[in-house]
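What follows is a short report on a single structure.
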């Protein structure tokens, strides 16, 4: 008889226990704050967010719905969220997470602010485009999305590229090359060699820019990177100003003097457009110390905004401006200008070129620092 009572008691208690556990689990799930997260498997910045969420137990602490944006339906759904918040098309992207009536976009914004903002948010339900519209209408508020970073101004980019383009060492390299080729094969061959050399410099610097951009964006950048970039720009400007008043003392913002014999020996062996093309790629490495400063400043700003498509087009523009004086000198030589006169002009105006470069870099630095104060 006791066995029967124990069996009945077991049959009663076990289902009750299971029911209580299930109910407790459901209540815990319901109590979790909720968010909707859009990401892409091939996105490096999305991977950073995923690593952060995993390492800090975010997926366990909060109830997060994930949507992968390689599915067009998910992209359409994401755009409905952006429409509800009034986000402009050129400011949209991923990773992005929505909760309550708020949005965080970009790995830095999410990693830096999600936990803090989630703790004070009323995120008891999953947001939808309609719920966000309704909440905003009730509150009678404008778009709560965080203010996006401004795009890199085109005049600022062209100014930095002009500093690179007017660098004395880059012009000296081309003049020496053209003088060598003219002596070996005439003006027509020098024209083709100058164009090939300029093309090689353009391609080399473009590829180096893409590589450096990828390297910078592979790491989480400080929120106020413009301050650091602005300080770097001012230091480059001051270094150029030093060459205006004390040229050659301590250092010069040109190819290091110890490198020049080797570079000249390479150029003096060039006698054809094919050789000029190869020399361009090699010589571009010698030019890095004297012409990479403005480039790094611009790349830092582009990496801060993390828009690969726009970055590539701006790098094309930057490097076209960079090689434009090379193209002008090449054409001037072909139509009759003498290399001796061009070299004399370059040496005569060394200090002026450094003055212009220094002034532009100081202005860019001041602009970047002022924009964050």
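Derivation of every value follows stated rules applied to the coordinates shown; laboratory data play no part. Model, not experiment: these values are computed from the prediction. Neighbour counts run over all protein chains shown; Cβ positions are idealised from the backbone, glycine included.
Extension gain for residue 281 to residue 134 (0.36 nm times residue separation, less C-alpha to C-alpha distance): 47.1 nm. Once both labels are positioned 7 Å from their Cα atoms along Cα-to-Cβ, the gap between residue 317 and residue 61 label points is 4.2 nm. Extent of the stretch 30-139 along its three principal axes (Cα atoms, max minus min coordinate, largest first): 37, 32, 22 Å. Between residue 154 and residue 115, the contour length at 0.36 nm per residue exceeds the alpha carbon distance by 10.4 nm. Each DSSP beta bridge with both residues in the stretch 30-139 is either parallel or antiparallel, and the antiparallel ones are about 55%.
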